[in-house]
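A short reminder: the numbers here are calculations on the coordinates, not readings from a lab. This structure is a prediction, so every number in the text was calculated from the model and none was measured. With ideal geometry, Cβ positions are generated from the backbone for all residues, glycine too; neighbour counts draw on all protein chains shown.
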Amino acid sequence: MDGKLRTLLVSVEDIIMSGESTDTPSHQYSELAELAGGFIHEIKNRVGTLSLNLQLLGEDFETPETQRERRSLDRILRLQGECQKLVDLASDFLRFARVQDLTTEPTSLDTVVTRMLDFLAPTAREQKNIEIGWFPANDLPPVHIQRDLFEQCLLNLMLNAEEAMPEGGTLTLIGRCDGGKSGEVEKWVCLEVIDTGHGMSPQQLAKLFRPFHTTKTNGNGLGLAISRKIIAAHGGTIEAQSEPGRGTKFTIRLPVRMI
Ligand code: ADP
Ligand code: MG
């Protein structure tokens, strides 16, 4: 372990151990978050180097001639897969930590969703037997979003929906307006993402947005935690309803600025 990494580890340990510190909890939290971010960044770089070297090693065994070489190549590929998972996990963790100050602009929800579907729908239909439908209301006002973050949230929901329908099914997206009638202060644009997948039990539903909660062998349980953080940073909400064996509906609500 080199000096930089050791210093980071010691500092994290110091903060965790210093229960008697006079710092405010929020200061302690941001300091810890910053150190954790630096730590993960460091780990990600190291694992990236490991992965690159494993790739080079794998190339040496590209055409295995003996049983032993085949076994070695198998192991190298497995190690490389594990490294990739760690890099993805670190990227998601850093993404989670970085959702803070947004740069938003008025955006048409229809344009964002349509662009996303142009990209995802053909593969979903041809390779996964999933039909995707998008039904935007005519009167949708623009939403103030940071587009790349919002797209990331939508992508997380759509990938989860696809993973919940391994045998195929239907994914329906509905865009509608809510509130803003006489007497109501707030007006919202709602986006519903509805799948016909395996659904969730009430127990699973209760843990849904917790970081690292996953029921998948290859999942990391950060997708929904990040999505909720993104929507909350926009002043919105995200919630889920689900029925085992029937499907799941996620509803995103974004506030509309009354100008
Ligand atoms: P991951 O996909 O890596 O498991 P997520 O945070 O995206 O992490 O999702 C957490 C868990 O929530 C999933 O493992 C799954 O159990 C459940 N889940 C999320 N979306 C759906 C869905 N559309 N249908 C059924 N279960 C879902
Ligand atoms: Mg996911």
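Considering 229, 207, 187, 249, the condition of being among the charged types (D, E, K, R), surrounded by 20 or more Cβ atoms within 10 Å (Cβ to Cβ) and out of contact with any helix residue (DSSP H, G or I) (no Cβ under 6 Å at 6 or more places or on another chain) is satisfied by 229 alone.
Would you confirm whether or not the range 189-200 contains a residue that is without any contact (Cβ under 8 Å) to a residue 40 or more places away in the chain and over 14 Å from residue 157 (Cβ atoms)? Taking every residue of the range 189-200 in turn, none turns out to be without any contact (Cβ under 8 Å) to a residue 40 or more places away in the chain and over 14 Å from residue 157 (Cβ atoms).
Of the strands (runs of 3 or more DSSP E) lying entirely inside the range 182-259, those containing at least 3 residues that are within 21 Å of residue 132 (Cα to Cα) and within 15 Å of ligand 2 (Cβ to nearest atom) span 237-243. Would it be correct to say that residue 211 is in contact (Cβ under 8 Å) with a residue 60 or more places away in the chain and either within 13 Å of ligand 1 (Cβ to nearest atom) or within 16 Å of the chain's Cα centre (by Cα) (or both)? Taking the combined requirement at face value, the residue satisfies it. Does any residue of the range 167-176 turn out to be away from ligand 1 (no atom under 16 Å from the Cβ) and buried (at least 19 other Cβ atoms within 10 Å of the Cβ)? Scanning the range 167-176, I find at least one residue that is away from ligand 1 (no atom under 16 Å from the Cβ) and buried (at least 19 other Cβ atoms within 10 Å of the Cβ), so the answer is yes. Screening residue 212 against (1) of a type in the set (Phe, Trp, Tyr); (2) farther than 17 Å from residue 155 by Cα; (3) surrounded by 14 or more Cβ atoms within 10 Å (Cβ to Cβ) leaves a single unmet condition, (3).
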